[in-house]
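Trainee: Let me give you the structure first, and then I'll get to my questions.
The values are calculated or read from the model by the stated rules, or taken from the named source; none is laboratory data. Nothing here was measured: the structure is a model prediction, and the numbers come from that model. Counting neighbours? That spans all protein chains shown, and the Cβs are built from the backbone with ideal geometry, glycine included.
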Amino acid sequence: MKKQHIGTIPGLKEYAEFFVSDEVAGPDGPLAEYGLVSDPELSATQQMIEAEETMASGS
């Protein structure tokens with residue numbers, strides 16, 4: 001998702017926050033069962049979404 005879409009597309013930030021929430025992506029959540037998250041990275045990702053920061057692309 002692009003930063004410019006936050007605040008433009010209703011519910012987008014809330015969706016991202018839900019997707020990385022402890023209930024979904026935490027150690028007991030369904031994403032962890034599939035090996036899609038790691039605990040140290042989850043906290044940093046949650047903080048980035050809260051601050052509306054984006055990840056830099058490799059290009």
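Trainee: For region 18-46, which residues satisfy the criterion of being farther than 19 Å from M1 by Cα, at pLDDT below 80 and either touching a His at 6+ places or on another chain (Cβ under 7 Å) or in a helix (DSSP H, G or I) (or both)?
Mentor: D39, P40
Trainee: May I pose another question? Here's a check for you: in region 32-59, which residue that is among the hydrophobic types (A, V, I, L, M, F, W, C) and without any contact (Cβ under 8 Å) to a residue 12 or more places away in the chain is surrounded by the most Cβ atoms within 10 Å (Cβ to Cβ)?
Mentor: Going through the qualifying residues, I end up with A32.
Trainee: Any idea which residue in region 5-14 is farthest from the chain's Cα centre (by Cα), counting only those that are assigned to a helix (DSSP H, G or I) and surrounded by fewer than 12 Cβ atoms within 10 Å (Cβ to Cβ)?
Mentor: Among those that are assigned to a helix (DSSP H, G or I) and surrounded by fewer than 12 Cβ atoms within 10 Å (Cβ to Cβ), it is H5.
Trainee: So, in region 1-15, of the ones that are among the aliphatic types (A, V, I, L, M) and modelled with pLDDT of 90 or more, which residue ends up nearest to E41 (Cα to Cα)?
Mentor: The selected residue is L12.
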